[in-house]
Structures are given as structure tokens and as C-alpha cells.
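The values are calculated or read from the model by the stated rules, or taken from the named source; none is laboratory data. Not measured: the values here are computed from a predicted model. Methodologically, a virtual Cβ is constructed for each residue, glycine included, from the backbone with ideal geometry; neighbour enumeration extends over all protein chains shown.
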Protein chains: 2
Amino acid sequence: MSAERSFHMTPDEFRRYGYAVVDWIADYYKRIESFPVLSRVEPGQIRAALPPQPPTYGEPFEAMLKDVEELILPGLTHWQSPNFFAFFPANASAPAILGELLSAGLGVQGMLWATSPACTELETHVLDWLVDMLALPDKFKSTGSGGGVIQDSASSASLCALLAARERATGYRTNAHGCDGRLVAYASSQTHSSIEKAVKIAGLGRENLRIIEVDEKYAMRPEALARQIAEDKRAGLVPCFVCATVGTTSSNALDPLPEIGQICQQEGVWLHVDAAMCGTAALCPEFRYIHNGLELADSYCFNPHKWMFTNFDCDCFYVADRATLINTLSVLPEYLRNKATESGAVIDYRDWQIPLGRRFRALKLWFVIRHYGVEGLRYHIRRHVELAHAFASWVEADDRFELAAPVPLNLVCFRHKGGDEANLKLMERLNRSGELYLTHTRLGERIVLRFCVGQTNTERRHVERAWSMIQSMADEW
Amino acid sequence: MSAERSFHMTPDEFRRYGYAVVDWIADYYKRIESFPVLSRVEPGQIRAALPPQPPTYGEPFEAMLKDVEELILPGLTHWQSPNFFAFFPANASAPAILGELLSAGLGVQGMLWATSPACTELETHVLDWLVDMLALPDKFKSTGSGGGVIQDSASSASLCALLAARERATGYRTNAHGCDGRLVAYASSQTHSSIEKAVKIAGLGRENLRIIEVDEKYAMRPEALARQIAEDKRAGLVPCFVCATVGTTSSNALDPLPEIGQICQQEGVWLHVDAAMCGTAALCPEFRYIHNGLELADSYCFNPHKWMFTNFDCDCFYVADRATLINTLSVLPEYLRNKATESGAVIDYRDWQIPLGRRFRALKLWFVIRHYGVEGLRYHIRRHVELAHAFASWVEADDRFELAAPVPLNLVCFRHKGGDEANLKLMERLNRSGELYLTHTRLGERIVLRFCVGQTNTERRHVERAWSMIQSMADEW
């Protein structure tokens, strides 16, 4: 059967169009600063430009690339722009993009060790590397009783941690008979919204998520946690899960792990540490203090897809006791049985996650670590932290503005002293300018602007220009 | 700051190495038939070849590609080999790979409409296209009260469906207060294992999943379902969710949707239809009968990453009533608030899935549909079905073998008449030869071999050679 007959691209056509896409991406990064960072399209505008019916016959690849340029590009918010300071970054890099390309080209499924041993073993290996790179507790290594796995996101990692905690607390009875309304989970008012989502998904119920108050630095108050756990126990409830955060979403607050961990150990409650954003900082010895107390945690995650130059999705999730996680999530139908699994000598990552299938995500992570080396990665983390601290010092030196929270790492929470409306108006003007993109949050009762430095290509000039725009727009009213 | 100083690849280096990866992939497909389909490495062999410590300093990209060739390649099971007949396919194609590359290069996050409007709108648009392409009920279109979304897998789609069903049945009380042990879900003995996993995750408990018996074609018996629902209601339980399958994993059995759907409507139970494997067949009018009765379903999914040439991950999940799904999964913290969301005029897909973040997966699906056109896709589906039917006829003509289940589409379940051990031994020999890869299941009490035709590049000669190997190996004892 000829390739022409089959409608498939030949390898040579793939080569030609592959080069064209690579060229397009290289050019995209060269001109990325020329686009408004936040897309300006109106709701429905992109759809209106697309044909209402799918094509009956195939189209030339050139037509698709042309439409990407003309129809899709205006509808993008440019997360890879060095002027992107919104949310947290989802920073990509060239070696990560090429790792994703290779993974797509190979098209292997890593659900079982047997379905592509290299997909599983490279993942285990690189996640063990990262334990050393971040100086995480050894118990998270696969060589002991624990181990790491790549999840799509910290949301999914937290859900897996909660499920394992739920089963540990009930001796796997919940898996068999369902929740009974007595399980309780704990997080602070600053914990990521994914914990509330996980508590709902896992059948605990939102009302059984206790929101623990925070201190003036927006970090969880351990004594309030201890008090609440004691109260719940007295009421006959079953505390099963605490989420502590290393770098909260709103303000990068650092929950006190040693105190929280001690409480969890005493009470026999699973401690999950969510370091989605800030974990990467521990590449640098001077920032490793953020993980003090982590040896008391049962599980941990951080996102190379946020701050370690590995394109989404890549969350690294670790457990100290992999048996509990596997027992929680494993289902073994006949059609997945195989000798390697039955030998017990291999990891089947399908039992470490919600979905069954999984692609070869370790490749991009491996490429990033090898391309930059540990020192190359540290260089960028330090640079981002320095730039954030410089920005914070400029805020402090301008008496129209004030810092709204401590700046431990790369996120600056600040506000114009003119009040909530003034800050929202300032943000909207800045974002509408197209020159940069930042977002807001609420700390205490007040609206606060967030300026996060973490995009791969952000340099000092971008941060300086952003501050100068903020200053001049603040003058305009 | 110079690129050299920053350790980043320059755009020109990206271009050079990008070409190199494209070339490597093109060559991989040219020589893919020369590799043993099922990897021959031993547990631990890949890890043993990797350095125990990560590199302190960056390495040249050439070193990574060399290691992919020498260390990784032997550890792959080649899902894209035309001699892959195992499990279900996870078939990729050139336009899908290039779409994934483009998505990685753009690196946008589609969690909110505002964070890249084109990412959301292209997805909605292409999923509406697919409703027409597969002649699915119009209620699944976004232009009415329903809509579609890309999930990573049918496992995640089923979990989302179950969660929405749980909340509909309890008026959102479960989200608030947790499961109470009274909710019941239903599936057949042939339903995919992900349903049992979902029932555990969602806090219903495995004991509250009723396994409904199947008929001689391995399809769910509607009268048994009706009986079980009535019995559970009499016991004061709350039936909330039925999963019917269009193409079961073991044997491609088709559950009778009209009868099951009628029962679900009468009883007010959510009907989810899992067509992960076979849904794609409905591209061809002659196969659309598989969806008869689908108008009675509340949700539906099928996987372009199985049989529609779109590399993993790409499951298309539809609901008839998007409000229930969104109300089930939505959590709105301040830091995600934005004007577009508040206008109500846009879709925020984070509320349609478990994780928060999401990448631009619609690109690859759009590329596949446009590259092949509807007719090009149909051509391949028909060819795969014809090849499977040819294989089935050869099995029937050889009196050492027998068919073990009907062959509605592209999966042939067959067995050597020599018994379970003979079949397992035959499978192991075939797989160890490296010439092809197939897997087994259990139907009734018997071990059965599964031969699934669905890999992108499988041609008649591959199927013929596989049968000839099966025949000659069966002669050897």
C-alpha cells in the first residue's frame, strides 16, 4: 500500500513539515515580545473564524500552519513571554520541548513496566536523582520503601495523597465500603483550591475540610491545627490528612513543617507537603531551609512544569511508603496481568496515579536536567529570586506602594495604597497594554497584585520595564 | 544577558537540534520493524546503564540523542510498530506528533478561557465537529446544554462522569458532606477496571459497585441490571450511575444501549457510555449502529488516542448537561477570578476535569482531522476492520483454533483448542520472537488470545505474517 493511497505522511514529508514546525517555534520565540502578553480576543471570536464543518478530504499541512499563524496566534496568552508575571509560571525550555517531541514520536504507553520498561525505569531514576538534587529526605527514594512518580499536576498528586491517607486511616475499609462522613482533612486558608477539590472528589465532603487559620505571614498556625484535630477526635471524627504548603499560591507563604509534622506524627495523620511552586528553589543549598521538617512528611510534590523549565505536564510526586499508595489505587484485571508484574521486581506506575495510560514524560525532564546540569538550573533560580527581590526593593522605595507579604523567593505581593479599586484598575490597564501580564489575589481583606518572576527567558530588563510601567500608570490618576 | 551565559539554547540551536530530533523520529519509523516489538530487557537493566548521579554541568544535546539510541531504545516496547496487536492500540500519526510539538513549543495553559482563549475555543469547536463526524446526539454539543472536553484518558472521563452522577443523585450534598455508604454504581463483568478504580476514588466503595452479568456475547443483560437496581432501591440504597460499554476491553462486546438507557431513564440513574476503543468506528456510517440508544446517555467518551491517530493523551468526553459537571467540580479562589469567567460567556475547562492545569491538546486533534479529512480517517477504520475480519476467517478455517467471541470490529478473540496453558505458551513464544506482540484475557473461565488491528501503519502483510507465525508456532508442539 503506498503512502499516497493511505493518506499518511511519508517519513520524508514528516521530516519536511517537522522542520517547518521547528522553524515556526524558533521564530515564535524570536518575536514573542512583539505580541500582547494577554490575548485581546473577545469570547467566541476564535470559533467564529473556524469553519463550521470538518473537512471531508485532507488538507495540505501548509494550510494548518497558516491558520496557526493567522487564527490561533491572536487567541493565545503568551505564557512563554518574558513579560509573563501572572499566576505562577509554566515555564518551558528548548530541551523540554524536544523531549516532548521525542515522547510523542515514540508514542509508547508506560502504564505497566512491561509496556515500555525504559519509560518506567528512566522515570524512577530521574525522580531518585531529584531527591538528591533537592536534598529531599532519602525515604522518598525508590531504593527504600518510598518512591517518586510523574503526575500531570499537583492537583492530581494531592488527590492521590489524600486517597492513600484515607485508606491508611481506615485500614482500606473506605475503598471497600465507601466514606462514612467521619474522615476529616486539614488545610490552611492559603492552601491551593485543589485540596478542596480533592476532598470533594474523594467523598469526604467539603464540610469535613477544616480551614486552619494563618499567622501574619500567611503561614498555617500549628497550635490551631493541633486544637482542631483534638476537637475533631473528641467529637468522634477521624482526622486523616493534613496539607502543608511550601510556597502558597497567593503569597508564597511557607507553612512551618517541623511543628505541623510533629503534630501529624503524634496524631497519626498523613502529612502531604505541596511545594508545587517553590520546591524547585531547593536546588540551591541556600534555599533548602524551605524544606526543614520535610522528613516528617508522608508525601511531597513539586512541579518542574512551574519553575524548572520542563513544559507542562510534569509534577513530581513522592511517597515515603509506596505500598500504601499502590494498595489504594491498584486494580488488576486479567488483561493487564504479565510475568514482570507478577515477579514483584518492577514498578507499574498505573497504580500510582488516577488514569491507567501514561506517556513518556521522563524524557523531557531528563533532557532538561542534562542540558542545564544542576549548576545551570541553580543559576536561573538564583537569578529569578534576585530579580524578585530587586522588584520588592523598588516597591518599598516608592511611597505610593507597599509590600503586602514577605518575599521569601520569587513572588512579590504588593499594592497601591489607593485601595482595592485602584489596584484592580491598575492591573487591568497594565494587562490591557499588552506589555506585561500580572494577576491579583486577596490577602486578609485586601486586593493585592502578584508579580511572579519565573519565566525561562525573563531578564532584568523585563522586570525593570514592568516596574517602570507600573510606576507610570500609577501616575495617571 | 547572552544565551551562552544563560545556558539556554539559542533559537538557532533549538532549530538545529529540533531538526535532529525530527530526523531521528523519521528514521525511527523507517526502521521500526527491525526492533523486537516487546522489549527484551530485564527488570533494572535500563537503570543500571544510567549514571547514579545527575550531571553537575550541562551536556551537549548530541550526548542525549546518543543515549536515546543506545540506552533507551532497547527498553522500549514499540507501540507504533505495525506488528503491535496487543491491548488496544495507542496509535499516533505524523500530524498528531507535529501538533504535540507545536503545543509544547507554545507552552500555554488552558485552565481558564482567559489564560489562552484559542486553547479553549479550538477544543470546544473540534469536539463539536466530532459530534457531527460520529453522528452523536446533538445534545452533546456545546451549542446546547451539553459539551465536550479533552481528558487525559477514559479513566479520568469515567471518574468525572461518576462524580457528576453522585452529585446529581444527592443534590450536591455529597460534595458538601461526603458519601454516606448508600450510593450504588453498576457495571458489567466486562466493564473496564477504571470503573472499579473510580468507584473507590469517589468514596462509594467497591462493595457498592454491582457487577451485572453478561450474555453469551459478553454484553450486559439489561434485565439483570433492572433487577439489581430494584433490589437496591428496596434496600434503601441510592442507585446513581451505570456504565455501559461500546466495545469492552476483553472482547469488544457492545452493551445494549437502548434497553440500558431506558432503565436508567425510568430509574433516574446517570448513564455513562464508555466507547474508548470503538467510538471511532462511528466515523463510518455502516458502523454507527454501535451507538444506537446513545441519545439516552448522560455522558459519553471515546479515545482518539486509541484508534484515531492522535497520540496519547486525547480522550473526548461529552456530557448532555454541562451545568451538573461544572457545579460538581468547580472551586473558585480569588486568584483565578477574572472578567471573562464572571461574564458567563466563556468555558473554563478546569471545571470539567480533575486537574487544574491543561495543555493545548486540541491542536493535535485538529491537525489529524484536517490532515486526513473525514474520508481519510474512514479509509483506515474500514481497512482495520477488514483486516480483523480476514484474520477471524483464517482462525475459523484452521481446526486447531477457534474464535472465542463475536468480532464486531477490529478485535479478534481466539484460542488454540489445546487449553489455557497451550495458549499462554503460544503467546509467550510469539512475543519472545520479537516479530509481533499480542496479549491475552479471560472470557468465561478460559484464557483467550486477543489480536487487535488498529496501529496506524498496520497493513495486510503484517496481519498475514502474524497469522502465519501463529500457525507455525502452533505446529511446534
Within the stretch A:91-150, which residues are of a type in the set (Val, Ile, Thr), under 24 Å from B:Asp23 (Cα atoms) and outside any helix (DSSP H, G or I)?
-> A:Val108
Does at least one position in the stretch A:99-116 carry a residue that is buried (at least 24 other Cβ atoms within 10 Å of the Cβ), polar (S, T, N, Q) and under 18 Å from the mean Cα position of the chain (by Cα)?
-> no
Picked from the stretch A:316-334 (must be farther than 20 Å from A:Gly171 by Cα and touching a Phe, Trp or Tyr at 6+ places or on another chain (Cβ under 7 Å)), the residue farthest from the other protein chains (Cβ to nearest Cβ) is A:Tyr318
Could you check how many residues of the stretch A:35-56 are facing chain B (nearest Cβ under 7 Å), in a loop (DSSP other than H, G, I, E, B), closer than 17 Å to B:Leu363 by Cα and touching a residue at least 12 places away in the same chain (Cβ under 8 Å)?
-> 1
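Search the stretch B:113-140 for residues being of a type outside the set (A, V, I, L, M, F, W, C) and under 13 Å from A:Ile72 (Cα atoms), and hand back the single one that is farthest from the other protein chains (Cβ to nearest Cβ). First the steps, then the outcome.
Of the residues in the stretch B:113-140, the ones of a type outside the set (A, V, I, L, M, F, W, C) are B:115-117, B:120-121, B:123-125, B:128, B:132, B:137-139.
Next cut, under 13 Å from A:Ile72 (Cα atoms) only: B:116-117, B:120-121, B:123, B:125.
On the way: B:Ser116: 5, B:Pro117: 5, B:Thr120: 8, B:Glu121: 4, B:Glu123: 10, B:His125: 5 Å.
Step by step, filter the stretch B:113-140, then rank; the result is B:Glu123.
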Those residues of the stretch B:182-228 which are surrounded by fewer than 24 Cβ atoms within 10 Å (Cβ to Cβ), within 10 Å of another protein chain (Cβ to nearest Cβ) and at positive phi, in sequence order | B:Gly205
Got at least one residue in the stretch B:62-83 being under 21 Å from the mean Cα position of the chain (by Cα), in contact (Cβ under 8 Å) with a residue 60 or more places away in the chain, more than 23 Å from B:Val22 (Cβ to Cβ) and more than 8 Å from chain A (Cβ to nearest Cβ)?
-> yes
Subset of the stretch B:414-451 [within 24 Å of B:Phe309 (Cβ to Cβ) and within 11 Å of another protein chain (Cβ to nearest Cβ)] | B:Tyr437, B:Thr439, B:Arg450
Among (1) at the interface with another protein chain (Cβ under 9 Å from one of its Cβ atoms); (2) among the hydrophobic types (A, V, I, L, M, F, W, C); (3) in contact (Cβ under 8 Å) with a residue 12 or more places away in the chain, where does A:Leu101 come up short?
-> (3)
Taking B:Ile470 as meeting all but one of (1) within 24 Å of B:Val41 (Cβ to Cβ); (2) of a type in the set (A, V, I, L, M, F, W, C); (3) crowded, with 23+ Cβ neighbours inside 10 Å, write down the number of the exception.
-> (1)
Over the stretch A:116-168, the set of residues among the polar types (S, T, N, Q) and in contact with a His (Cβ under 7 Å, 6 or more places away or on another chain) is A:Ser158
Hey, any hits in the stretch B:17-25 for a residue that's of a type in the set (A, V, I, L, M), more than 9 Å from chain A (Cβ to nearest Cβ) and either part of a loop (DSSP other than H, G, I, E, B) or free of Cβ contacts under 8 Å to residues at least 60 places away in the same chain (or both)?
-> no
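Being closer than 23 Å to A:Lys339 by Cβ, small (Gly, Ala, Ser) and touching a Gly at 6+ places or on another chain (Cβ under 9 Å) narrows it down to one of B:Ala466, B:Ala388, B:Ala422, B:Ala404, so name that one.
Working: B:Ala466 fails: touching a Gly at 6+ places or on another chain (Cβ under 9 Å); B:Ala388 fails: closer than 23 Å to A:Lys339 by Cβ; B:Ala422 fails: touching a Gly at 6+ places or on another chain (Cβ under 9 Å).
Residue meeting the stated conditions: B:Ala404.
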Would the stretch B:189-200 turn up any residue that is closer than 28 Å to A:Glu334 by Cβ and over 25 Å from the mean Cα position of the chain (by Cα)?
-> no
Close pairs from the stretch A:225-244: first without any contact (Cβ under 8 Å) to a residue 40 or more places away in the chain, partner aromatic (Phe, Trp, Tyr) and assigned to a strand (DSSP E or B), Cβ under 9 Å, at least 6 apart = A:Leu225/A:Tyr186
Failed criterion for A:Lys30 (all others in (1) in a loop (DSSP other than H, G, I, E, B); (2) loosely packed, with under 14 Cβ neighbours inside 10 Å; (3) within 7 Å of another protein chain (Cβ to nearest Cβ) hold) | (1)
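Run down A:Ala276, A:Ala340 and say which single residue is in contact with a Phe, Trp or Tyr (Cβ under 7 Å, 6 or more places away or on another chain) and either under 28 Å from A:Ala219 (Cβ atoms) or not assigned by TED's automatic domain parsing to the domain that holds A:Leu136 (or both). Before you say what the answer is, go through the steps one by one.
Values: A:Ala340 fails: either under 28 Å from A:Ala219 (Cβ atoms) or not assigned by TED's automatic domain parsing to the domain that holds A:Leu136 (or both).
On inspection, the qualifying residue turns out to be A:Ala276.
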Enumerated strands (runs of 3 or more DSSP E) restricted to the stretch B:159-277, each holding at least 2 residues that are farther than 25 Å from A:Arg337 by Cβ and in contact with a Leu (Cβ under 9 Å, 6 or more places away or on another chain) = B:183-188, B:238-245, B:270-274
Given the conditions (1) outside any helix (DSSP H, G or I); (2) at the interface with chain B (Cβ under 10 Å from one of its Cβ atoms), report the number of the one that A:Lys306 does not fulfil.
-> (1)
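Does B:Ala94 count as more than 18 Å from A:Lys364 (Cβ to Cβ), surrounded by 22 or more Cβ atoms within 10 Å (Cβ to Cβ) and within 7 Å of another protein chain (Cβ to nearest Cβ)? Explain how you work it out, then say what you get.
Numbers: more than 18 Å from A:Lys364 (Cβ to Cβ): yes; surrounded by 22 or more Cβ atoms within 10 Å (Cβ to Cβ): yes; within 7 Å of another protein chain (Cβ to nearest Cβ): yes.
Here the answer is yes, as B:Ala94 does meet what is asked.
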For the stretch A:433-468 the number of residues that are assigned to a loop (DSSP other than H, G, I, E, B) and either touching a residue at least 24 places away in the same chain (Cβ under 8 Å) or small (Gly, Ala, Ser) (or both) is 12
Of the conditions (1) under 23 Å from A:Val22 (Cα atoms); (2) free of Cβ contacts under 8 Å to residues at least 60 places away in the same chain; (3) within 8 Å of chain A (Cβ to nearest Cβ); (4) assigned to a helix (DSSP H, G or I), B:Glu59 fails just one. Which one is it?
-> (4)
